[in-house]
Each structure stands twice: as structure tokens, then as C-alpha cells.
Amino acid sequence: MAQKRPFYPADDPDLPPPPEGYRDAIFVRPITDFLRCIFCQSVMKDAVVLGCECSPSACKECAEAWFLRNKGEKICPQGRHPIIMVAPNRPIRQLVQDLLVRCFHHREGCHWEGRLEELEGSHITRECPKAPVSCPYNPETCPAQGKLLRQDLETHRLACPNAPVDCPHCKIPFARRLMESHLAACPTAPAGCPQCGSKTLTRATIEKHMQDECPKGLVACPVPHCPMSGHVTREALAVHMVEGVCVHIDALIRQNEELRGAVAALKTAAEGLISRNTALEQQNTQLTAQMAALTARMDAFEARNPPPPPRPVLTDEAVVWDPDCKEATLVLSEGNRTISSTVGAHQSALGTVGWSAGIHRWRVRVISGPHWVGLGVHPKPRGGGADYTTAYGSSHIAQLYQGKYVGDSGIRYGVGDVVACVLDCASHVLTMNVNGNEPTLTIADIPQGTYYPWVNLHSAVSVTAI
Ligand SMILES: [Zn+2]
Ligand SMILES: [Zn+2]
Ligand SMILES: [Zn+2]
Ligand SMILES: [Zn+2]
Ligand SMILES: [Zn+2]
Ligand SMILES: [Zn+2]
Ligand SMILES: [Zn+2]
């Protein structure tokens, strides 16, 4: 036999362990050398031919390992020729498959012999009692996994914690390791009644039996106040009802007395409630009368003191002097807002808009003078004759006219001053002040009517409404 593995050192840590063909030990007869792999020297497994000048044959895996070792370069291991193709060596494969072999497990005691094809095709996978097998239940958690032989499978079924076992009560299969906890909860597990000793009960039915059915269970007597109530068993209740007539009559008499007492107490309580109700009704009548009197008083008070009308809102007015309602000697300018006098006599003019309701404020600035300037309000049209004796308002700032001369009431102003006038039509009051300061001049007795802003000028004076 040739030297083993001439091209494939087994000690290279970067390479996978070297593959190998079929070992000699399984073959019944001596092996001819041309069936041996050029690499591993064992009988070729899945033989291939390497296409080069010398065309050697090898195991398929040994050839692939060789190419890997040469970093993918395909060269012949004998003559370093380039390999142009790798193809299955079918004649050799058939020869090898037909060789007479022992079982792989002959050392463990399997005495099977036959063709290599049968060994791999059926004996090992389905028959060999010495072949290792997986646990059929749950190999991942089976403690015997990796140690099981086919011949041990039946014994293992009786011990594997994952093998299914039928519950003896409900017949449902559970994994052996779960059976203990299932038995502790299985609803069909038998349960004995501790009172009557019945053996036909289960975990699911015993509670209802104890509560509603057990003949030895203690029950209440339907007759109230029966001294035996709670001491009679369910099965003895019928007899108790017959034999206990005297006891029951006594109990009923006692109950009757108690009921009489209760009725009397209820009657007393009802009488109390009726008398309280009567008192409350009387009180209610009195309170209703008091309320009616108070309502009448309140109505009378409200009639005597009607609520004040809502206060009108003060409106700022932009006054324009009326060219049709002025002395001819007065001159208007700046959109009829400025009015000027040039002659030494009292002359007056009215604004274009008058008011009979609400509160109205307008402002006038003195822009030259000072001489005689009167401000105030006046009905329209003006009465005939001189304003001096007919107008409502003032001649110069402090002198008021209300159909007659009143006298000097005293606030003075000069050039640049602003006089503000406020007419309150509801209270018939006209107020005036200079530059927003006190004192305020008040004319409080203006008769009902429609009033227009009024200006009275004497000599060289002008004012502007702003
Ligand atoms: Zn080989
Ligand atoms: Zn070659
Ligand atoms: Zn075998
Ligand atoms: Zn198992
Ligand atoms: Zn069960
Ligand atoms: Zn019972
Ligand atoms: Zn009773």
C-alpha cells in the first residue's frame, strides 16, 4: 500500500481536518490499489477524475481540499500539470459501491455484511441497532441526546422526560416531565367527599356537591327561629319537618310576638313622621305668606325707585362753523373750522350740527387776540337782534347769557389756550374748562331743546375748532 497523505499535512491549523475515503477495516476482502484516493490513500468516496496529462482519481472531498490548500489553483498533485476539468469517475464509484463490507459499527457488535451501497442506503439509516439516533421526542432538551443507539429507542420511550404519556384520568397526552403538575390540577382526577364518602366525584364536581348536594351536609331549616336550623343534614331535613312540628309551632309563636313588637314600633314611628309632616306643612304655609309679603314690598320699592337710565357715552365732535348762520363780518377759513373777527362789535356764529340727546365734547383753540371770545350753545335758527342779549352762552369765556346777563363767573384764557366744551343733553348741563384744568365752568339750567356750538367774537380775534 502507498504512503498515506503525501500531499496533505494534517497539522496545518488554517485548514479544516483532512477528509478521508472509506477505511480499510470495513472491507471483507483485500482492496486493489487503483480504488485508492491519490490524496488519502483510502478507498475513494464519491470518486472524481482530475483532467490532466496523468488524470489521477481521488475522493471528491479530498480533491476540493487540495484545491483549497493551493488557494484555488487547480494543479495535478503528481506532475504539477494544470487541471482543465474535474468529473465524476462513474466506473470507480460503481466498483466501490459493489464492494462487500461489514457494518461501520461491527466493532460495537453489529454483524451485518453486504454491499457498500446497501450499508449506506438502508442499513445505517433504517436498520443498524448500533447506529446512533436522535431522540424522537425533543432532542434539544433530552438528557440522552448524543448517547442514544437505535436498539435503545423503546427503552428510552419509557424513560425520556419529553416522551408523551396519557393522563390516567382525562386521557390527554402530556410530556412525562409535565405530568406531575397536570395531575395536581386535572379536573377529572377523582376526589372523595369528606362528609358522605362518595367516591364518584372529581376535582371539578366536588365543590358543587359539598355546597348543594351532599346528603351529609348541614342545612338551614326553612322555619325561622327553628333551634335545629344549621344542625340538620340535607338527608334528614324531610324527617325533621315532620317530627319537628311542635318545635316549629313554638318558633312561629315567638316570631309572631316579635313581629307584633315590630309593627307597634313602626306604627309609633309613622305617627311621629305624620305629626312632623303636619308641622312642616304649617311652617311652609307661614314661610310662603312671608315670602309673598316680602315680594310685594320689593315690588313697591322697585316701583318707587326705578333703575337709572343707562348713562349715555361721551362723543368727541369735530365742529364746523355754519356759513349760513353767522354775522356777515365774520370770516371762515380752513374748511370752516377757523373763524375770525375784524370789527369792534359782538358777532356770533353756530356750528353746522346740533344735539338734543347724548353727551358731546368739542374743543376750540384761541389762535389770535386775546380780546372778547364767548363760547357756549344756542338753539337754531338764532333769534333776531344782537347775540349779546339773546344767546345762550358766554361773551368772553367767563360771562354767561341765559336769556339775561348773569355776571362775571371767572375763568380767563389767552392765545394758544384750548377751551373744551361738554354738553350733556340728559342733565341739561354745559361744562367748560381751559387746557383740561380746574376750575370748570358749569351752566346747569339749559332748557330742553336742540343746541348748536356757539362762538361770539369782538374785535381782532380768531378761533379754530379742533
Ligand atoms: Zn481520499
Ligand atoms: Zn497529472
Ligand atoms: Zn450495523
Ligand atoms: Zn429522549
Ligand atoms: Zn388529566
Ligand atoms: Zn358528600
Ligand atoms: Zn326545624
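One quarter of the convex hull surface, Cα atoms only: what value does that give for the chain in nm²? Present the calculation step by step, with values, prior to reporting the outcome.
Values: hull surface 301.7 nm².
Hull-based average projected area comes out at 75.4 nm².
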| With labels modelled as points extended 7 Å from the Cα through the Cβ direction, what inter-label distance (nm, one decimal) is found for Ala300 paired with Asn284? | 2.9
| Unit charges at the beta carbon, dipole of the chain: most positive-side option, Pro453, Val86, Ser341 | Val86
| field | Calculated [θ] (222 nm, deg cm²/dmol) that DSSP helices of n ≥ 4 give over the chain, each run adding -39,500 (n - 2.57) | value | -7000 deg cm²/dmol
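So what is the diffusion coefficient of the range 24-97 in µm² per second by Stokes-Einstein at 25 °C and 0.890 mPa s, using a Kirkwood Rh over Cα pairs?
Details: Rh = 12.6 Å.
Translational D for this selection: 195 µm²/s.
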| task | Run down the aspartates and glutamates and flag those whose C-alpha is under 20 Å from the C-alpha of Lys216, throwing out any fewer than 8 positions away in its chain. | result | Glu207, Glu235, Glu243
| field | Cleavage-rule hits (trypsin sites (Lys or Arg not before Pro)) in the range 149-230: DSSP loop, at most 16 neighbouring Cβ within 10 angstrom | value | Lys171, Lys199, Arg203, Lys216
| field | Sequence-separation-based contact order of the range 24-97, relative, with Cα cut under 8 Å and 6+ spacing, percent | value | 32
| Scanning the chain for GluC sites (Glu not before Pro) in DSSP loops with at most 13 other Cβ atoms within 10 Å, what's the longest stretch left with none? | 141-333
| task | State to the nearest 20 debye the size of the charge dipole of the range 24-97 about its Cα centre, where the only charges are +1 on K and R beta carbons and -1 on D and E beta carbons. | result | 60
| request: May I ask you to list the trypsin sites (Lys or Arg not before Pro) in the range 57-93 that are in a DSSP loop and have at most 10 other Cβ atoms within 10 Å of their Cβ? | output: Lys71, Arg80
| request: Under 20 Å Cα to Cα from Lys147, which lysines show up? Leave out anything in the same chain fewer than 8 places away. | output: Lys130
| task | Mind putting a number on the dipole of the chain about its Cα centre? Charges go on the C-beta only, +1 for Lys and Arg and -1 for Asp and Glu, and I need it in Debye to the nearest 20. | result | 1200
| query | Spin-label point model (7 Å from Cα, Cβ direction): what's the Thr450 to Leu273 distance in nm? | reply | 7.7
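What translational diffusion coefficient, in µm²/s and rounded to a whole number, does the Stokes-Einstein relation yield for the range 239-304 at 20 °C and a viscosity of 1.002 mPa s, taking the hydrodynamic radius as the Kirkwood radius over Cα pairs? Write down the numbers at each step before the final one.
Numbers: Rh = 17.0 Å.
Estimated via Stokes-Einstein, D reaches 126 µm²/s.
No lab work stands behind these numbers, since they all come straight from the coordinates. All of these numbers come straight from a predicted model, not from anything done at the bench. Quick reminder, even Gly has a Cβ in these numbers, built from the backbone with ideal geometry, and neighbours come from all protein chains shown.
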